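Enquirer: First the structure, which I've put down as structure tokens, then a few questions once you've had a look.
We did not get these values from a lab; they are worked out from the coordinates using the rules stated. Since this is a predicted model, take the numbers as computed values, not measurements. Here the Cβ positions follow ideal geometry from the backbone for every residue, glycine too, while neighbour counts run over all protein chains shown.
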Amino acid sequence: MNNTKNQRDSDIQKKIDYEIRMREGACKLLAACSQRDQALEASKSLLTCNARIMAYMSELQRMKEAQVMQRVARRSSDAGPMDDRSPCKGKVAISDLRIPLMWKDTEYFKNKGELHRCAVFCLLQLGGEIFDTDMVMVDRTLTDICFDNTIVFNEAAPGFELRVELYSCCSEDDCSAGSTPRKLASKLSSSLGRSAGKKMRASLEPGACSPTSNGGGATILLPVPSVPGPKYHLLAHTTLNLSHVQDSFRTHDLTITGNEECSYWLPLYGSVCCRLAAQPHCMTQQMMSGCLRVKLGGEPQGWTNVYGVLKGTNLFCYHQKEDMEANVEPVLTIGINKETRIRAAEKDPQSKAQNICITNQYGGEEVTHTLSADSREDTQRWMEAFWQQFYDMSQWRQCCDDLMKIELPSPRKPAIVTPKQGSLYHEMVAPASGEGLLLQDNAVSAEIRALLSSYYNDSY
């Protein structure tokens, strides 16, 4: 047990070290960027790295606190038996993110006023996992901000909280704005004289990835390192949980944090639309399998040897294990759902072996299937697997009614966008193949990642 915990601590520490190195590369790249698109992508990478570092540190702290609590509980002499049953983990996927905009009539329909453009992206966090979407350029020609990414969290618990944050940066901001303190320091240096000016300049010029307060001497884990270049700001956010999961496109409230006076402001409608799906492991993995005997028909000798597999809302019974591996149709399928009743009954008082009775309602009629395991221990293992399955279903609720579809995310490709993007409120026909303009943002993103990798290899 201790080896497992130490391994988890080591894995998280490696993740922290990796993100720190990636952040250092992003800081160097951001300081060297001369083009606006590159600087926006580098700043986005920097923000994402910092968010991951903070998340990993929080996870490491929670793990250490849990270890202390476990040691205290073991030492307590009056501690009674604890129910250590915990629900299974699962996949949670968010896709088709759309955030509607609410432009003024004069801006959208009459195309008047200064053209305001912002670079935006979403940061999504569930537990210790953090992902970012592609960066999207937004102006008044768009009615909705659309992110085509499908993001999958693989180790979610049923009590998950998925935080969605929308960050924005005015694309017209001076990418060299971060150098203002240096310019000020230079002026002060020349005005105050060599000795006093040198001290003032040192206090105003932190090192790369270092906040002003500490002079750049220690490892920094703050969210916003003081480096030159564009800065993203939190524009809006929302938190989604199990109650929001549904196998369809839904609208959720969005909390807006910015205002019209901010340079990164966009006229958000106050809602976010997306598809949030979940696949608990109990719906996609084999939770129990083994040899059983099932009673087919009402005759006393009507027992058949089968290989049982408990998965999702069914107990699949095959003639043999090889049939299951070859995807042969099962000889019998018994429903295991929230309405199923299962009990263990004595088969023979002399042999002490037990039967397992599974009762379901089919078309208003009660149907009971009787199973038998080879030993009392096997029966107990099967009963425990059934109770765990029922417990998982009670925790994941609607996610266990039917298996929701989750499409695995594909590698990021250059997005195709039309001159005027469709609205959420109108059904639009998808453009024909070849229509639209290929944006170069993803090419820039690939270049940023290559440069970051280069920094990483050069340093280590």
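Enquirer: Just order 42-48, 61-67 by mean Cβ neighbour count inside 10 Å, highest at the front, would you?
Expert: My ranking of the peptides, most packed first, is 42-48, 61-67.
Enquirer: If each residue of separation counts as 0.36 nm, what is the full-extension length gain between Thr368 and Glu65 once their alpha-carbon separation is subtracted?
Expert: Here the answer is 104.3 nm.
Enquirer: Shifting gears a bit: Please find the FRET efficiency linking Met102 to Thr239, where r is the Cβ-Cβ separation and R0 is fixed at 22 Å, and quote it to the nearest 0.05.
Expert: Calculated value: 0.50.
Enquirer: Okay, next question. Would you grab the residues whose amide H sits under 5 Å from the one on Ala236? Only those 5+ places off in sequence or on another chain, please, with H modelled 1.01 Å from N.
Expert: Leu166, Thr257
Enquirer: Here is a follow-up. Sorted by packing (mean other beta-carbon atoms within 10 Å per residue), highest first, where do 395-404, 310-319 land?
Expert: Sorting 395-404, 310-319 by mean packing, highest first, produces 310-319, 395-404.
Enquirer: Once you compute Rg and the Kirkwood Rh from C-alpha atoms, what is the Rg to Rh ratio for the range 1-70?
Expert: A ratio of 1.18.
Enquirer: Another one. How long are the semi-axes of the ellipsoid equivalent to the range 259-336, from square roots of 5 times the Cα gyration tensor eigenvalues, in whole Å, largest first?
Expert: Working through the eigenvalues yields semi-axes of 52, 13, 9 Å.
Enquirer: Listed highest first by mean packing, meaning other Cβ atoms within 10 Å per residue, what order do 271-280, 122-131, 27-36 come in?
Expert: The densest-packed peptide leads the list: 271-280, 122-131, 27-36.
Enquirer: Across all directions of projection, what mean area in square nanometres is found for the Cα convex hull of the range 268-407?
Expert: Directional mean of the projected Cα hull area for the range 268-407 stands at 11.4 nm².
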